[in-house]
Every structure is written in structure tokens, then in C-alpha cells.
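What follows is a single structure, written as C-alpha cells, with notes after it.
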Amino acid sequence: DTLTDSFTSAIKKIRFHDDEKALKKALAELKKALLKADVHHKVVKELIDRVELDTKKAGIGKDQFLDAMRFTLHDLLKSEGHQGFVFAANPPTVILMTGLQGSGKTTTTGKLATYLKEQKKKKVLIVAADLQRMAAVEQLRQITEQIGVDLYEDEATKNPVEVVTAAMAKAKSNLYDVVLVDTAGRLAIDEELMSELKQVRDAAKPSEIFYVADSMTGQDAVRTAQSFKEQIGIDGVILSKYDGDAKGGVALGIASQVQVPLRFIGAGEKMADLEVFLPDRIVNRLMGLGDIEGLAEKASSVIDEKQAKKLTQKIKKGQFNFNDFLEQMESMKKLGSMKSLMGMIPGMGDMSKALKDFDLENSQELKQIKALVSSMTPKERENPDLLNNSRKQRLAKGAGMDQMDVNRILKQFKNAAKMAKKFSGKKGMQDLQNMMS
Ligand code: GDP
Ligand code: MG
């Protein structure tokens, strides 16, 4: 029972004009949902009062209620100050990544580096300054290797200040655009953590300090952010694990209580699962209205434009084949977890719940499709119509599956081709191009 579900059901309650009773019911539901999502009671009261006032002012009705909710949530979430990533006037831009242990600092550092490298074309250095946990440096090694970003590490010392000082010198002489410093966390705030962090901060002289907040921890995350703000100073908050169930509440809490701009949200374990925090998008998603813009942005970041054009041409001519099908599945993989994607499609919020654990990368389905396509001759791949019964039998053997599975996958392919063709109609082309641009 997520905040989005409750919002959606509250919205459904308002059906008639001038129905005060319906409004009261909807407001009560809203209130319950917000409190349950661990939003501070003062914030809840403020929010509910404003939604009620605005709805009544506009004349009670569904649209009026929706508008009031949208404006109120938007107002709460928007902040003065920086949005997304901000580059320092003089490179390198240095970011100190802070937060409690397990909040997602290291993963988020990798995601940010990926974002900066892929979308901003920047030269990024990650610094391993968490020397508390044995596995921390190794974790960063794996991440940086995977994403192709440089790592500064020094196992000869246990002193993060030394590591950071040397890393900064290297960053300057090697002309890095951005330095991301991954620091150690604790299970809870303590003197030692804060004093180490202050030393690391003073050595790194960061352009900005980011605090990574675990969305699943509710008011705890809000309180901890507050004390990091007081003791270390923070310039931005990144919400991690936003793909979890408890999400929305913590965004409202940080925005209204800590008053530090929310900069990014991480919604998934994959390196592509990071996006700029934009109030409108979050409000839409909270209200179950989807986020087409976010989806298009994510899609265009991994789909090569030329490749996309070639594909649409082929689809238009009805030449969409198995090679294209496989290629499409592969680019889907790069998009990150299905669940966070589905949440962006209007009306598909519910579906994303069902897909919770669907992992394209390790999907049995994708493996089967790959096996099947690799058993095909080049002619068969290019011309799906060739596949008669005897060929299907041969494929089943070759791919080590039942003919039933072969039929099922072929049917899927036909559907995909049909969908693709539909997209390629006059209006569809427009939609697709809009999505790609
Ligand atoms: P750190 O101790 O703060 O450096 O935290 P880590 O980066 O090691 O992350 C702790 C755990 O949270 C790891 O298992 C991550 O895979 C997971 N994690 C981090 N960010 C996300 C996220 O956005 N979504 C999900 N589902 N898991 C995440
Ligand atoms: Mg870590």
C-alpha cells in the first residue's frame, strides 16, 4: 500500500461537484496515507489544509482537487537553489558523497559517474575514501571497472585524508572534470564519523557535499540529513532506493523539514537507475500519472539516434526481423530495471509492482530468445515468414527447448512486430520521434 496507491484512491473518491462529504473523505484518506508514509504530522496538516482550501476556493470537483493536490505537492518539493548536477566555475568539480552506512553512497557514486560520463561527456575520477570497511575499496573497483571510470585508491594507508589529498593532486594534474569522493558511513551518527568526515571535507575542499538518503528509512533519513546539515553542511540530497515501497514520504520530509534541495533520485540497483530530481515528475508519479518525459529521456540516453532511425525505417517497410528484436531487447537491458521504467508510464504504476523482481539482464525469457535466435540461419533471422513447422522443430532442438516455447516466443515476436508497425503509422511516427528527441 504505497503513497501513490492511496493518492490514486483518494482521487477516485471525488466524483461529484459540490460534494463536501466526498472532499472530506478524500482528505481523510490523503492524511492517512501521508502519515503512514512517515511524513511529519505538521507537514501533513499544512498540506491537507492547503489542498482543502484551494479545492473549496476553486469549487469542489475532481479537477479542482487534483489541481490543488498537484500545486501543493509541487510547492513543497520545489526548492530554491541548485537542480541536478552543477559544475564548478573552475574544474575539477569536487563532490563529497556522505551518508550512513548502507544508504547507497557507493552505488550512487557509480551512478553519478555514469551519468556524468555518458550524458555530460565528462572525465570523472572516483576516490575510494571509505577505508573503514574492508570490502569498500573492492566494491568500488568492480563498479569503476564496469562503467569504465578511473578510480583513485591506495591500500597502503588507512587514513582517508592522505588518500583524498593525493587524489586531489592527481585530479588537478590529469585534468579531470569531476572528482567524486566516496566516504565511510556508520550505522548511526557518532562523533568519530563526523570528525573523520570533517577532516576529509577539509582536505577535499568540495564544490558541493551530497547526502545520500535511503528512501526506505522514512523519518530517520530526515533526522539524519538534518544533523549532517548542521555538523558537516550539505548542499544537496540524493534519494536512493526510491524503487522501494516506502518512497514518497521521505521526499516530502526532506524537502519540507531539512530544506536542502533534492538533486537526484536513485531507483534501482543498476548504474543507469539515476535521474535528476524534478518536482513535476515526482508529483506526477506520486499521483499515479506517470512520467513520459522521464521515460523518453532515459530511452534516448541509451538508444543511438542513428540506430533508432534505421529501425523505424525498417519497421515502416515491414522488415522488422529477429536481429532487430534481439537488438531491442539488448537496449532495453541498458535502460535499467523494468520496474522503475514501468512507473514512468501513465497508468502503469500498478504494473510496476507486479514487475518488482523482473530482471531483464538475468531473465530466463531473454536467454531463451537469444538461444532461439542463435539457432536460426541468417536467412531465417531476416525473414521470419520462412519458419514453417519443420524449421520450428529444428529450432526447438537446436535451442534445447519445447516446441511450445518456440511457438510462444514466435508469437511474442509477431506481437512486437505488430506493435512496432502500429507505432510506425503517421501518428505513431510522430510519437516515436517525439520520444526519441
Ligand atoms: P553505502 O554503504 O552507503 O556505500 O551503500 P551501498 O552503495 O554499498 O549500497 C547498499 C545496498 O543498497 C547495496 O546492496 C545496493 O545495491 C543497494 N542500493 C543502493 N542504491 C539502491 C537503489 O536505488 N535501489 C535499490 N533497490 N537498491 C539500492
Ligand atoms: Mg560504501
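Figures for the structure shown
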| item | result |
| --- | --- |
| Elements of type helices (runs of 4 or more DSSP H) in the stretch 6-123, at least 1 residues being assigned by TED's automatic domain parsing to the domain that holds Asn174 and within 16 Å of ligand 1 (Cβ to nearest atom) | 105-118 |
| Among (1) in contact with a strand residue (DSSP E or B) (Cβ under 6 Å, 6 or more places away or on another chain); (2) within 28 Å of Gly253 (Cα to Cα); (3) more than 11 Å from ligand 2 (Cβ to nearest atom), the one test that Lys78 misses | (1) |
| Considering residues of the stretch 375-412 that are loosely packed, with under 13 Cβ neighbours inside 10 Å and small (Gly, Ala, Ser) only, the residue nearest to Leu326 (Cα to Cα) | Gly400 |
| Pair list, Cβ < 7 Å and 6+ apart or interchain, from the stretch 185-199 residues that are without any contact (Cβ under 8 Å) to a residue 24 or more places away in the chain to residues that are within 16 Å of ligand 2 (Cβ to nearest atom) | Leu193/Arg186 |
| Test: residue in the stretch 51-65 that is acidic (Asp, Glu) and within 26 Å of the chain's Cα centre (by Cα) | no |
| Search result, residues across the stretch 84-134 that are of a type in the set (Lys, Arg) and away from ligand 2 (no atom under 12 Å from the Cβ) | Lys111, Lys117, Lys120, Lys121, Lys122, Lys123 |
| Filter pass, Val137 being surrounded by 14 or more Cβ atoms within 10 Å (Cβ to Cβ) and either under 28 Å from the mean Cα position of the chain (by Cα) or more than 16 Å from ligand 1 (Cβ to nearest atom) (or both) | yes |
| Hits in the stretch 255-282 - residues which are crowded, with 24+ Cβ neighbours inside 10 Å, closer than 16 Å to Leu76 by Cα and modelled with pLDDT under 90 | Ala255, Ile282 |
| Single condition Arg186 does not satisfy, out of (1) outside any helix (DSSP H, G or I); (2) more than 15 Å from ligand 1 (Cβ to nearest atom); (3) of a type in the set (Lys, Arg) | (2) |
| Meets criteria (away from ligand 2 (no atom under 12 Å from the Cβ), in the same structural domain as Gln219 (by TED's automatic domain parsing) and over 25 Å from the mean Cα position of the chain (by Cα)) for Val163 | yes |
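The values are calculated or read from the model by the stated rules, or taken from the named source; none is laboratory data. Please read these numbers as outputs of a predicted model, since none were measured by experiment. Ideal geometry is used to build each Cβ from the backbone, glycine not excepted, and the neighbour counts take in all protein chains shown.
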